[in-house]
Structures are given as C-alpha cells and as structure tokens.
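First comes the structure, then the notes that go with it.
The values are calculated or read from the model by the stated rules, or taken from the named source; none is laboratory data. All of these numbers come straight from a predicted model, not from anything done at the bench. All Cβ positions, even for glycine, are placed from backbone atoms using ideal geometry, and neighbour counts span all protein chains on display. Remember, those area values only see protein heavy atoms, side chains included, never the ligands or the DNA or RNA. Shrake-Rupley method; radii C 1.70, N 1.55, O 1.52, S 1.80 Å.
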Amino acid sequence: MSDAAALPARRPGMRDLTAGPVLRTLVLFSLPTLGSNLLQSLNGTVNSIWVGRLIGEAALAATANANIVMFLVFSAVFGFGMAATVKMGQAFGAGEVDVARRTFGSAVGLCLVLAVIVATAGWVFAPPLLTLLGTPGESYALALDYLRIIFISIPGGMLTVMIAMGLRGAGDSRTPFLFMGLSVALDVILNPLLISGIGPFPQMGIAGSAASTAFAGYASLAALVGYVYAKDLPLRLRGAEIRYLIPRREELRYIVGKGLPMGAQMLLISSAGIVIIGLVNRYGIISAAAYGASLQLWTYLQMPAMAIGAGVSAMAAQAIGARLPERIDQISRAGILVNLAMTGSMAALLLLFDRPALVLFLGPDSPAVPLARHIQYLASWSFILFGVTIVLFGTMRAAGVVWVPLIALGVAMFPARLGFYYALEPWLGQDALWLCFPFGSAVSMLIAIWFYRRPGWRTQGRAISPERAAEECLTTADTAGRFKPEL
C-alpha cells in the first residue's frame, strides 16, 4: 500500500471516514448523495409521466430513445468535469484559490466548446441517428421533435453541470442542490402547460415537454450564475480571470488525461444502452413504450447502489491512505450488506406495486402495461447483483484500480449481454432481451468477486483522493432512464 503521504491532504471541513463504526459512518455519509440523486431523477420521471399520460405510448417510446442519446452526449464530456472537480478540491484544500479558478475556467471553456459542437451536430444528424436506432415509425416524428429541442438545451445543461461540480469541488454541495430543485420545479410545472396548451401557453405536444426542460434549465442556470456572483463564491471569475475560460495547456493536460478514463467508461455504458434500445425498437412501439417505463423505475433501483458505492470508495481511499488495511474488508462487507438491504427492499416493493407504478407512465388501459410488468419480473432483481459489483469496484478504485472495472463492464455489457441475447433469442424470443440484463449483471459481479479476492491490487495499489474515488464510482451506473449522469 502507499503511505499516508500519497493521499492528498484532506480539505478543511471534510469528514474523517477512518474512525467510528463502519456501517453507521457509511450510511450517514451516503445519504446526502442518495437524496441529491433522487431529486435529479425526479425531473425525468415526472416528465415521462406527463408525456406518457397526455400523449401516449408512442411519445413515451420517443423520450426513451432520446434520453439514451442524450446520456451518450453528456457522457462524452462528463469525465472532464469530474477530473476538474478533483483538481479544484485539491487546490481549495491547499488554499490555492487562483489555481482552482484556472482549472474551473479551463473546464468550462473546454466543455462549452464541445457542447456547442455536439448540439449543432445533434440538430443536423438527429434524423439518421434515430433511423440507426430503428426508432419505431409511430414515434419517429415525435422523437425527432423532442430530440432537436433537447439538443438546444445542451450548452446550458453542460454549463450548469460544470458549475455544480465546481461548487462541489469547493466543498459546497448545498447550492447545486437548491438550484437543481428550482430546475425540477419549473420543468414539472411547465410540462403539462406546454404539452396541452393550458391557459396562455401554446399547445406544443411532445415538443412542449422538451421546451419546458430547456427553459427550466436555462432559467435555473441564470439564477445560479447570479447567485454565485451575488454571494462572491470562490469559483466566480472577474476581470482578468475571465481569460481563464480559454483553456491552458497545463490544465487541459490534467483534465483530459484524468477525464478520459472516466469518460471512456461512461461512453462504454451509454453505447451499450444505445445497442439495447435499438434491439428493443425491433419489437415495435408497445415493447419500446414498456421498456421506456421500465427504465424510469430502474433509475431508482440503482440509486442506493450508486450512493453506497461512492461512500465505500471514499471511505476505502481514506483507509488506504491511513494504512488501515483491516478496515478495507469491513467497509466492503458493510457496503454489500447495506446494498442488499436497500436495493433488495426497493426491488421487492417495486414488484409488489409494479402495476400502479407503471400505470403512472402508461395509463391504466395501455397494452404496454402487462409487458412492462413482465419485464420487471424478469430483470429488476438484477440490480441487487449490480450493487455488489459497484461496492467491490468502489473499494478497488480507491486503490487506483481503473482498468479492471472498465474491462469487466465492457465484458458484461457487450459479449455477455449481447451474446446471451443472440444465442437464446431463437428459443426465448423477446424474453432473451430482458433476461440478458441479469445475465450481464451476474457476469460483472463474478469478475468483481474474483479480482477483489486476488492480493495484487491490495499490495500494489496507490491510494487516490476520496473525492476522486467517489466521483469515479458514479461512472459505473447504468444509463437506465436518465437524461444525464448523476451529479
């Protein structure tokens, strides 16, 4: 193991995770992350409910196709923001405010340029992209209208993400949470008004749902920027500091070098989601709508594992840096137990009350409801296995292990999932597609257990910062029904 000096100094006010009962510390540390992720996902869920109930199955299938595409777009630059967050945290901890601002400026400048390029390309190439996905004909026009407007929101959304990450790097998680709440509230209120044309609002159909998301995002961004400058928060740029928005080679080298592995993993996962949605589309609009509703529920099923995984990774990083090897296995065991309890309970509740939950999206008379329930019974329990994988990889990431999680997820997402589907589809039909999820989860879990039990990563690993460990753990999440990665 590396010695304690290898671990970056803990920021002022950062919680000591090397003392106290492991289980209690892990739960208390993970709950805020879980709460923030719940709020972020609530936005997409409520929007899907409005779209599904006010417009129908074709519209819900259209948003499922569009959200997978948008997750891929955000994943392309999200790793850079994560890397910048880590460096900003280290700079603030060392009292180097100007270094933190230069890093923040470079990250914002780089990601905004990329976001504008992607938004423009997305608008132009949205039709062939949806054709490539095999989007059902009934939802093609709806998906195109929705996706093009959502692409307009990308620069604002990316800037909001960068500011939120910057604030987190400075130790402020409360401000991003509050303005995320503002965005969610505006989007939830405006969605039905613009979809149905209530009162003075125009009737825009599915385009109204996308427009409300875009407006809420830009309005929340304007309020957030105003707040940052009004409160003179540490990452604000003034005067000559505005030049920091032009990325410098030193900052770019760090951001790109550290961000590419994280971004590569997210691109791997989101590209697997693209492949799956293309296979689902082959079975028609009912299957696509049922899968879209299922994705929304799966977003919540994986949240406990992601929050616990981030907590495990941060705690293990501190334990490794403090040379407490006996605490590492205790942290992993606690993480697995909490995941089994939380994810298992949520999966059981979902299966008990699956019909009322799915009816929220599809309506009581939708022919997609029985299929969506069938999908839940076949695949929902796989997130329990997924959680075990997240915890074990979270512990190993704390020791700087990067490639093993990436390779394991690549094997699970492509050869395992797709191999299972193509091998068994002639006998199982459409069920092969839903059963490939638990099969892939089982494969990744077995790889994680096998590597975790090997001594190499323990004896040769180098401790990384708790901030970086927790950030990297978020790159493992399945796309599910999310519009963009977790903050």
Legend entry - Inter-centroid distance (Cα atoms) of the stretch 144-207 relative to the stretch 221-299, Å: 14
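Taking the stretch 61-198, how much of its Cα-Cα pair set, in percent, is spaced more than 24 angstrom apart?
Numbers: 3999 of 9453 pairs.
So the portion of pairs separated by more than 24 Å is 42 percent.
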Inset, instruction - Enumerate the calculated ³J(HN,Hα) couplings along the stretch 393-409 in order (Karplus 6.51 cos²θ - 1.76 cosθ + 1.60, θ = phi - 60°), each rounded to whole Hz, writing x wherever the residue is Gly or Pro. - result: 5, x, 5, 5, 4, 4, 9, x, 6, 10, 6, 4, x, 5, 5, 4, 5
Legend entry - Heavy-atom accessible area ranking, 1.4 Å probe, most first, across 453, 417, 282: 453, 282, 417
Inset, instruction - Quick one: accessible surface of residue 457, probe radius 1.4 Å, all protein chains present, in square angstrom to the nearest 10. - result: 10
Inset, instruction - Per residue, how big is the convex hull around the C-alpha atoms of the stretch 19-79? Give it to me in cubic angstrom, could you? - result: 110
Legend entry - Amide N of the stretch 234-256 lying under 18 Å from the label point, which is placed 7 angstrom from the Cα of residue 182 along Cα→Cβ: 234-237
Inset, instruction - Starting from the residue with the highest accessible area, list 392, 385, 31 in decreasing order, probe 1.4 Å. - result: 31, 385, 392
Legend entry - Average accessible area per residue (Å²) across the chain - probe 1.4 Å, nucleic acids and ligands excluded: 38
Legend entry - Listed residues 365, 329 arranged by accessible area, highest first, probe 1.4 Å: 365, 329
Legend entry - the stretch 323-390 versus the stretch 83-136: alpha-carbon centroid distance in Å: 31
Legend entry - Geometric extent, Cα atoms of the chain - Rg, Dmax (angstrom): 21.8, 67
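Starting from the Kirkwood Rh over alpha-carbon pairs, what translational D in µm² s⁻¹ does the stretch 121-195 have by Stokes-Einstein at 20 °C and 1.002 mPa s?
Values: Rh = 14.7 Å.
It comes out at roughly 146 µm²/s.
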Inset, instruction - Quick one: accessible surface of residue 275, probe radius 1.4 Å, all protein chains present, in square angstrom to the nearest 10. - result: 50
Inset, instruction - Pop out the carbon and sulfur fraction of the accessible area of the chain as a percent, whole number, probe 1.4 Å. - result: 68
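Show me the ranking of peptides 441-449, 238-246 by mean Cβ neighbours inside 10 Å, starting with the highest. Numbers along the way, then the final one.
On the way: 441-449: 20.4, 238-246: 11.6.
In descending order of packing, they fall as 441-449, 238-246.
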Legend entry - residue 326 - accessible surface, heavy atoms, 1.4 Å probe, Å² rounded to 10: 110
Inset, instruction - Run the numbers on the chain and let me know its relative contact order in percent, using alpha-carbon pairs under 8 Å that are six or more apart. - result: 27
